[in-house]
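Notes to accompany the following structure.
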Ligand code: MRU
């Protein structure tokens, strides 16, 4: 029998091959192909092309990627080593702009180098290895904890709507928005999950639906424009989404279309939960309007997934990859340190205070 996708970690360091090991998500659900990447260009392209995607998974991939770059550095002086490390870090940081986990993980890796100026490059490489593995291992615990808190918000049998993929395929294991479903499933609970297909890259239809079906969850795909009807029918008890960057006031950037789901949820009186590891909360950004939104190629809208181009040549295309959901539309933000409720300017600060004590 083919291996269940859920038994494969989304991102890992292959110690034997000294390679970044990922599932190529552009091929899912048709083909499960594992990639072993060692070259910086290949790791950059894997992130840019969404072979590895989802904010936490991108962070882990970048941490492992910059460790692999460090391995190649043959300088003997600290300054020489740091110069080359910084160049590799900046290169990977330019692969995608919105998910703050990318920068958070790379900054953590850089801090290891900056904190050990007296150490040899050989030692620095060892420390970088350990930090990359730590970032990866932490991700699993963080997602599990988000899942536990998320489970407090729902009950067995509930219908849940999700947008994009903030499941295991977007993290190392469990996911964020789908972590309560995975944990609930492990405990014999049965949720009914509605996956928005998530135009234009279909992370909902290709990835969330695949992940949910693989977990044995009652799963229904809907086109993005069907969410209103499904909510009106009373089939959705809660919406759970992930995020790429949360501002200090609770505004949350996530996959394009998320804010529309939040507006619908408010209209129908359905709670709208954003699941956010603290690595995705950027307290340096005051409000959502200051979050850089990635714009991607027009062809993702006009050609991808169609056997022939479906839009006239020369037409203008607007293809933002993310939008920002206003904090006023968010019922709660579920973190690994607890559930933040409005006002987020206060509750998110409290979450970070709690983080300091643990
Ligand atoms: O463009 P993608 O597929 O990387 O976008 C992913 C999302 O928007 C996810 O919801 C977000 O990164 C959270 S993943 C836990």
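Run residue 173 past the list (1) within 15 Å of the ligand (Cβ to nearest atom); (2) surrounded by 24 or more Cβ atoms within 10 Å (Cβ to Cβ) and report the number of the one that doesn't hold.
Here residue 173 meets the rest and fails (2).
It is to be established whether one or more residues within the stretch 7-27 are within 12 Å of the ligand (Cβ to nearest atom), farther than 17 Å from residue 102 by Cβ, modelled with pLDDT of 95 or more and surrounded by fewer than 20 Cβ atoms within 10 Å (Cβ to Cβ).
Checked against the condition, which is being within 12 Å of the ligand (Cβ to nearest atom), farther than 17 Å from residue 102 by Cβ, modelled with pLDDT of 95 or more and surrounded by fewer than 20 Cβ atoms within 10 Å (Cβ to Cβ), the stretch 7-27 yields at least one hit.
Mind checking which pairs have a first residue in the stretch 55-84 that is closer than 17 Å to residue 45 by Cβ and a second that is away from the ligand (no atom under 16 Å from the Cβ) and part of a loop (DSSP other than H, G, I, E, B), Cβ under 9 Å, 6 or more apart or different chains?
Listed by first residue and then by second, the contacts come to 68/18; 68/38; 68/39.
For the stretch 176-190, which residues satisfy the criterion of being outside any loop (DSSP other than H, G, I, E, B) and touching a residue at least 12 places away in the same chain (Cβ under 8 Å)? Please lay out each step first, then the result.
Filtering the stretch 176-190 down to residues outside any loop (DSSP other than H, G, I, E, B) leaves 179-186.
Residues satisfying the conditions are 179, 180, 181, 182, 183, 184, 185.
If you check 210, 240, 194, which single one turns out to be modelled with pLDDT of 95 or more, over 30 Å from residue 285 (Cα atoms) and surrounded by 24 or more Cβ atoms within 10 Å (Cβ to Cβ)? Please lay out each step first, then the result.
On the way: 210 fails: surrounded by 24 or more Cβ atoms within 10 Å (Cβ to Cβ); 240 fails: over 30 Å from residue 285 (Cα atoms).
After ruling out the rest, the residue left standing is 194.
Evaluate the stretch 74-90: report whether one residue or more is under 20 Å from the mean Cα position of the chain (by Cα), in a helix (DSSP H, G or I) and within 16 Å of the ligand (Cβ to nearest atom).
The answer is no; no qualifying residue exists.
Among the residues of the stretch 139-152, is there at least one that is away from the ligand (no atom under 16 Å from the Cβ), touching a strand residue (DSSP E or B) at 6+ places or on another chain (Cβ under 9 Å) and in contact (Cβ under 8 Å) with a residue 40 or more places away in the chain?
So far as the stretch 139-152 goes, yes, one or more of its residues are away from the ligand (no atom under 16 Å from the Cβ), touching a strand residue (DSSP E or B) at 6+ places or on another chain (Cβ under 9 Å) and in contact (Cβ under 8 Å) with a residue 40 or more places away in the chain.
Is it fair to say residue 130 is buried (at least 24 other Cβ atoms within 10 Å of the Cβ) and either part of a helix (DSSP H, G or I) or more than 16 Å from the ligand (Cβ to nearest atom) (or both)? Before you say what the answer is, go through the steps one by one.
Working: buried (at least 24 other Cβ atoms within 10 Å of the Cβ): no; either part of a helix (DSSP H, G or I) or more than 16 Å from the ligand (Cβ to nearest atom) (or both): yes.
So residue 130 does not fit the description; no.
Check 160, 221 and return the single one that is assigned to a strand (DSSP E or B) and surrounded by 23 or more Cβ atoms within 10 Å (Cβ to Cβ).
Details: 221 fails: surrounded by 23 or more Cβ atoms within 10 Å (Cβ to Cβ).
After applying the criteria, what remains is 160.
Regarding the stretch 30-50, can at least one residue be identified that is in contact with a strand residue (DSSP E or B) (Cβ under 8 Å, 6 or more places away or on another chain), buried (at least 16 other Cβ atoms within 10 Å of the Cβ), in a helix (DSSP H, G or I) and touching a residue at least 40 places away in the same chain (Cβ under 8 Å)?
Yes, the stretch 30-50 has at least one match.
Can you name every one of the strands (runs of 3 or more DSSP E) wholly within the stretch 234-345 that holds 3 or more residues which are more than 16 Å from the ligand (Cβ to nearest atom)? Spell out the reasoning first.
On the way: elements: 238-241, 245-247, 252-255, 272-275, 322-325, 332-335, 338-340.
Of the strands (runs of 3 or more DSSP E) lying wholly inside the stretch 234-345, those with at least 3 residues that are more than 16 Å from the ligand (Cβ to nearest atom) span 338-340.
Here is a list: 217, 193. Which entry is without any contact (Cβ under 8 Å) to a residue 60 or more places away in the chain and away from the ligand (no atom under 16 Å from the Cβ)?
Only one candidate passes the filter, namely 217.
Restrict the check to the stretch 97-106 and report whether at least one residue is surrounded by 18 or more Cβ atoms within 10 Å (Cβ to Cβ) and away from the ligand (no atom under 16 Å from the Cβ).
yes
The values are calculated or read from the model by the stated rules, or taken from the named source; none is laboratory data. All values derive from a computational prediction rather than experimental measurement. Every residue, glycine as well, gets a Cβ built from its backbone with ideal geometry; the counts of neighbours run over all protein chains shown.
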